[in-house]
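Report on one structure; see the data block that follows.
The values are calculated or read from the model by the stated rules, or taken from the named source; none is laboratory data. Predicted model, so just to flag it, every value in this text is computed and none were measured. Cβ atoms come from the backbone with ideal geometry, glycine included; neighbour counts cover every protein chain shown.
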Amino acid sequence: MDDEYFKNLDFRKIVNYFKVIEVFGDGWSKCEYDSKFFLLYNGDKTNLYEKLLKNTNIFPEVIDCFENNIICKFYSDMKVNLPLLPEQSLFFIRDICESLIFLKKEGFTFKEINTDDIIKTKDGLKFSKIPPIVSYNLLDFEFTNQNNDIEDYGIKLLGSLLYELLSGMSIKNGFDIKIISRYDIPGIPQFLSFALPGSKEKLSLNDALNMLNQICSTTEMNRCKYSIGSASTIGLNVSRSINEDSYGYAQMYFYNHFGRHNVLKACVADGMGGMEAGEIASKAAVDAFLTEGFELVDDDEYISNQTIELAWKANKAVLNSLNGKSGGCTFSGVFIYDSKLFMAHVGDTRIYLYKDKRLERLTNDHSLVETLILGGIMTREEALNSPDKNKLLRSMGSLFERQENYIDGLFQKFGKHSIQLVKGDLILIVTDGVWGELADDELYSIASSLTNRPDDLVNDLISIVLKRGAPDNATALAIYKEF
């Protein structure tokens, strides 16, 4: 269905005119309106389901949510034919594990998962409808050998489903571990030895997620590649004789017992303080972020915190470089571990993500006008002509002692530590010299037309900035996920 079609509908007004085609239970049903099909939920678990559906992309996309209703896209795609490829199965199981961890925190779990409800869409594997959810105190624990172990119930769900996806045979008919051993991906037999019914070993959901992340990394090593484009200009302002912007990126690989891993760091900094001070500050920040390191552990929160720590080390490098002089810089950096995106941001440089034909700004400007906009005091149109539009509230080089939440990661805005990148995704990092001359809809137009050509994309951006007078230094860095 066309997204434009949804935008023109007021679901609060039309939901009462939905025709129920099929009832799935637990408040879910397939409905029809204007010859279009929707998935509708009506019940008292709206908040739970809304959070669950937005937690991963394996569930139907939420179109609208209000009162006790959730309206989702209905997918008419074909059901998957089993068995699936190991890569498809593993990533799907990993996303289900993340959902089970979320549900556990809320006191719920999936009661069962039916492979007949799994479909293949252009965006990957999805559930055509939501697996039934049940409160832990209503569970039938005969499914597990552990004594009323709520975590083991989820683990056995994962193991049974993975076995069925890989073998094409239901666990209800018994299982033969030798069938799975034919796959040459390290970790699959080990995971199933913990997760299949009858196992005496105990595994937590968090341990299972870490193990699945490690196994998935193995499958990614031959299909995880990024191409990068970058461009910068001093601009056309005669009062700016030095380009105070700095940028850089570094890509590296390392190996462990599960295979090869890809690490990519990239950042952009906009110097402040005028002349050499701004240039020195921005360069020091970029150099420190790219050269400092940390021990990698497969834990999103840990990597997110360490990415922020890299930014604090960059802040220290800025202070040391200025040697008491007045100056500083804004900064936006990304840390990509295989296919997971982490970030650190302070100031008004920006990070955008082009994903699923949408351009989303991942960062909030740490400026006076952005604060007024987010507070509902000023509109974005008013901010364009505000005399305070260049007033920053945060920057590198202004603090000697670290302050909690001064440097943003993804968690502050999105409530999660990382974003999963897939083939075709594009990350764009720009200074205000770029976004100050191009509105977001213009950035979207260019990003959508040149997604897989990052060099051409950044050159086009800088070319447009120059044609519009380029009153400031301007820098753009684009990262495209090839596979």
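Meeting the requirement of 1 or more residues that are buried (at least 19 other Cβ atoms within 10 Å of the Cβ) and not aliphatic (A, V, I, L, M), the strands (runs of 3 or more DSSP E) wholly within region 251-365 are 259-272, 328-337, 340-346, 350-355. Number of residues in region 396-411 that are closer than 23 Å to residue 353 by Cβ and touching a residue at least 12 places away in the same chain (Cβ under 8 Å) equals 7. Residues in region 209-232: is at least one within 30 Å of residue 285 (Cβ to Cβ), aliphatic (A, V, I, L, M) and either more than 24 Å from the chain's Cα centre (by Cα) or exposed (fewer than 14 other Cβ atoms within 10 Å of the Cβ) (or both)? Taking every residue of region 209-232 in turn, at least one turns out to be within 30 Å of residue 285 (Cβ to Cβ), aliphatic (A, V, I, L, M) and either more than 24 Å from the chain's Cα centre (by Cα) or exposed (fewer than 14 other Cβ atoms within 10 Å of the Cβ) (or both). Residues that are within 22 Å of residue 123 (Cβ to Cβ) number at least 2 in the following strands (runs of 3 or more DSSP E) confined to region 1-72: 28-33, 36-42, 62-66.
The single condition from (1) modelled with pLDDT under 85; (2) part of a loop (DSSP other than H, G, I, E, B); (3) more than 30 Å from residue 107 (Cα to Cα) that residue 236 fails is (1). Residue 439 fulfils the conditions (1) touching a residue at least 40 places away in the same chain (Cβ under 8 Å); (2) more than 21 Å from the chain's Cα centre (by Cα) except for a single criterion, (1). Quick check, is residue 394 more than 13 Å from the chain's Cα centre (by Cα) and within 30 Å of residue 51 (Cβ to Cβ)? In short, yes. Looking at region 379-387, can you tell me whether even one residue there is farther than 28 Å from residue 442 by Cα, modelled with pLDDT under 95, not in a strand (DSSP E or B) and not acidic (Asp, Glu)? No, that holds for no residue. Of all the residues in region 366-378, those that are free of Cβ contacts under 8 Å to residues at least 12 places away in the same chain and either within 26 Å of residue 341 (Cβ to Cβ) or surrounded by fewer than 11 Cβ atoms within 10 Å (Cβ to Cβ) (or both) number 5. When 393, 461 are checked against the criterion of being assigned by TED's automatic domain parsing to the domain that holds residue 286, touching a residue at least 12 places away in the same chain (Cβ under 8 Å) and surrounded by fewer than 21 Cβ atoms within 10 Å (Cβ to Cβ), a single residue qualifies: 393. When you scan region 108-128, do you find a residue that is over 14 Å from residue 49 (Cα atoms), aliphatic (A, V, I, L, M), touching a Lys or Arg at 6+ places or on another chain (Cβ under 6 Å) and part of a strand (DSSP E or B), even just one? Checked region 108-128: at least one residue is over 14 Å from residue 49 (Cα atoms), aliphatic (A, V, I, L, M), touching a Lys or Arg at 6+ places or on another chain (Cβ under 6 Å) and part of a strand (DSSP E or B). Of all the residues in region 417-452, those that are crowded, with 16+ Cβ neighbours inside 10 Å and in a loop (DSSP other than H, G, I, E, B) number 10.
Looking across region 280-332, the residues that are within 22 Å of residue 432 (Cα to Cα), at pLDDT 95 or above and of a type in the set (S, T, N, Q) come down to 282, 315, 330, 332. Would you be able to say whether some residue in region 78-89 is touching a Gly at 6+ places or on another chain (Cβ under 7 Å), at pLDDT 95 or above, surrounded by 13 or more Cβ atoms within 10 Å (Cβ to Cβ) and of a type outside the set (A, V, I, L, M, F, W, C)? Checking region 78-89: not a single residue is touching a Gly at 6+ places or on another chain (Cβ under 7 Å), at pLDDT 95 or above, surrounded by 13 or more Cβ atoms within 10 Å (Cβ to Cβ) and of a type outside the set (A, V, I, L, M, F, W, C). One residue stands out among those in region 453-483 that are in a loop (DSSP other than H, G, I, E, B) and not charged (D, E, K, R): the one that is nearest to residue 422 (Cα to Cα), which is 483.
For region 52-59, the count of residues that are out of contact with any helix residue (DSSP H, G or I) (no Cβ under 9 Å at 6 or more places or on another chain), outside the structural domain of residue 135 (by TED's automatic domain parsing) and more than 26 Å from residue 163 (Cα to Cα) is at least one. Taken over region 4-32, the criterion of being of a type in the set (Ser, Thr, Tyr), under 25 Å from residue 131 (Cα atoms) and more than 30 Å from the chain's Cα centre (by Cα) is satisfied by no residue.
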